[in-house]
1. Would you call residue 28 among the polar types (S, T, N, Q) and touching a Phe, Trp or Tyr at 6+ places or on another chain (Cβ under 8 Å)?
2. Would you pick out the residues in the stretch 28-55 that are aliphatic (A, V, I, L, M) and surrounded by 14 or more Cβ atoms within 10 Å (Cβ to Cβ)?
3. Could you say whether any residue in the stretch 10-27 is among the β-branched types (Val, Ile, Thr), at pLDDT below 85 and surrounded by 11 or more Cβ atoms within 10 Å (Cβ to Cβ)?
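The values are calculated or read from the model by the stated rules, or taken from the named source; none is laboratory data. Model, not experiment: these values are computed from the prediction. No Cβ is skipped: glycine too gets one built from the backbone with ideal geometry, and neighbour counts run over all protein chains shown.
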Amino acid sequence: MKADIHPKNYRPVVFKDMSNGTTFLSRSTANTNEKIIFEEDGQEYPVIKLEISNTSHPFYTGKNVLVDTAGRIDKFKKRYEKKAK
């Protein structure tokens, strides 16, 4: 393995699933300017917002729920509706 290829600036970060509000604490090197108070320990951490996580993904929940962000589903339907005609 190559030496010194992994980042050294890991820090605790809260990840927040925006579709259902679930939060969890992990480590990351991703930059963010937003902060949140983590409910489990009352500490303030940087927050990274997720569109979908294991708590809302259909594979893990067993529910077939469409999460439409920015009208992507509508754009897809319009594009293939034109080709069908």
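1. Yes; evaluated as a whole, the condition is true for this residue.
2. 36, 47, 48, 50, 52, listed by residue number.
3. So in the stretch 10-27, the residues among the β-branched types (Val, Ile, Thr) come out as 13-14, 22-23.
Retained after the next criterion (residues that are at pLDDT below 85): none.
No - not one qualifying residue is present in the stretch 10-27.
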